[in-house]
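Notes follow once the structure below has been shown.
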Amino acid sequence: MPLKSAIFYFSQQGSTKKIAEKIAEGLRYAENSCKLFRFTKISEDLNLISGLDFREYQLIGFGTPVYYFHPPYHLIEVLDSLPDLSHAKGFLFCTSGGNPGATLYKMKKILDKKGLKIIDGYDKWIGRDQHRCYSNFRESSLPSSLGHPNQKELEEAKQFGKSLISKALNPKTSEKLDFWSNICL
Ligand SMILES: Cc1cc2nc3c(=O)[nH]c(=O)nc-3n(C[C@H](O)[C@H](O)[C@H](O)COP(=O)(O)O)c2cc1C
């Protein structure tokens, strides 16, 4: 049976979107399918969530940019509003300027309450880090983040998606528990 997946992501400046699209490409390998949903405004996102039948999906992914070592409040609120997801497996990802902190751990904590079994996650992809505090730099961006996510990272994201298919279909795949959780802020 082909795997039916959905990816929900928030992306203000486009880096997380690029990674989400590549993961989806990987998840669409062979007969498998993957739908993409982009969170935009909280009121619209809450409407989207309440109108969806999540039982359609066996694998559900969530992606986000990192804001101050955490998921954005926007995403936290939307995750909090999710229904029971104990029928499905899940995965998490983020893009950051290089310091993702406890972002995926915090997302997992919320999704644990929804019964979603998180089987994988990746927090090492760099996104273009544009911020007012970098106004002295070219394009107001952290120099080390320019050009990211690059071709190598996009290909990694596609392979990550492809690798999730067998993990999701295997009933013996264990929960991923080793997310960085050392919050000192
Ligand atoms: C308000 C704000 C806070 C951020 N905080 C962090 C942070 O704590 N650590 C980090 O590595 N990157 C941080 N970033 C960089 C973003 O996580 C990164 O640029 C991300 O790829 C943006 O994703 P997007 O293009 O999908 O919006 C921050 C960016 C913004 C705008």
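General observations
- Long-range amide H partners of Leu92 with built H, under 5 Å: Phe62, Asp120, Gly121, Tyr122
- Candidates Lys162, Lys114, Lys152: whichever shows maximal mean-square fluctuation once the chain is modelled as a Gaussian network with Cα springs under 10 Å: Lys152
- With Cα atoms, 0 to 90° folded angle of helix 15-27 axis to the chain main axis: 30 degrees
- When each of Lys22/Lys114; Lys22/Lys89; Lys18/Lys114; Lys41/Lys162; Lys108/Lys152 is checked by Cα-Cα distance, pairs over 22 Å: Lys22/Lys114; Lys18/Lys114; Lys41/Lys162; Lys108/Lys152
- The chain - mean residue ellipticity at 222 nm from DSSP helices (-39,500 (n - 2.57) per run, n ≥ 4, rounded to 500): -10000 deg cm²/dmol
- Calculated P(r) of the chain - Cα pairs past 22 Å, %: 43 percent
- DSSP bridge pairs, the chain: antiparallel proportion in percent, nearest 5: 5 percent
- Charge sum, other residues only, whose C-beta stays under 10 Å from Leu164's C-beta, Lys/Arg counted +1 and Asp/Glu -1: +2
- Of Phe137, Leu154, Leu59, farthest towards positive along the dipole that unit charges on Lys, Arg, Asp, Glu beta carbons give the chain: Leu154
- Karplus-derived 3J(HN,Hα), 6.51/-1.76/1.60, for each residue of the stretch 127-144, Hz, glycine and proline x: x, 5, 9, 10, 7, 4, 6, 9, 5, 7, 9, 4, 6, 6, 10, 4, x, 5
- For Phe69 and Lys152, a Förster radius of 30 Å and the Cβ-Cβ distance give a FRET efficiency of 0.75, rounded to the nearest 0.05.
- Against the main long axis of the alpha-carbon atoms of the chain, helix 151-169 sits at an angle near 20°.
- Cα long-axis angle, helix 103-113 against the chain (0 to 90 degrees, to the nearest 10): 30 degrees
- Taking a point 7 Å from the Cα of Cys133 along the Cα-to-Cβ direction, the residues of the stretch 66-82 with backbone N closer than 17 Å to it are 66-73.
- For the stretch 128-161 versus the stretch 65-115, the gap between their alpha-carbon centres in whole angstrom: 21 Å
- For Leu116, distant residues with modelled amide H under 5 Å away: Leu85
- Choice from Arg38, Arg138, Arg55 with maximal GNM fluctuation in the chain (Cα, 10 Å cutoff): Arg138
Here, each number is a calculation from the coordinates, and none is a lab measurement. Remember, predicted model here, so these are calculated numbers, not experimental data. Please note: Cβ atoms are built from the backbone with ideal geometry, for glycine as well, and neighbour counts cover all protein chains shown.
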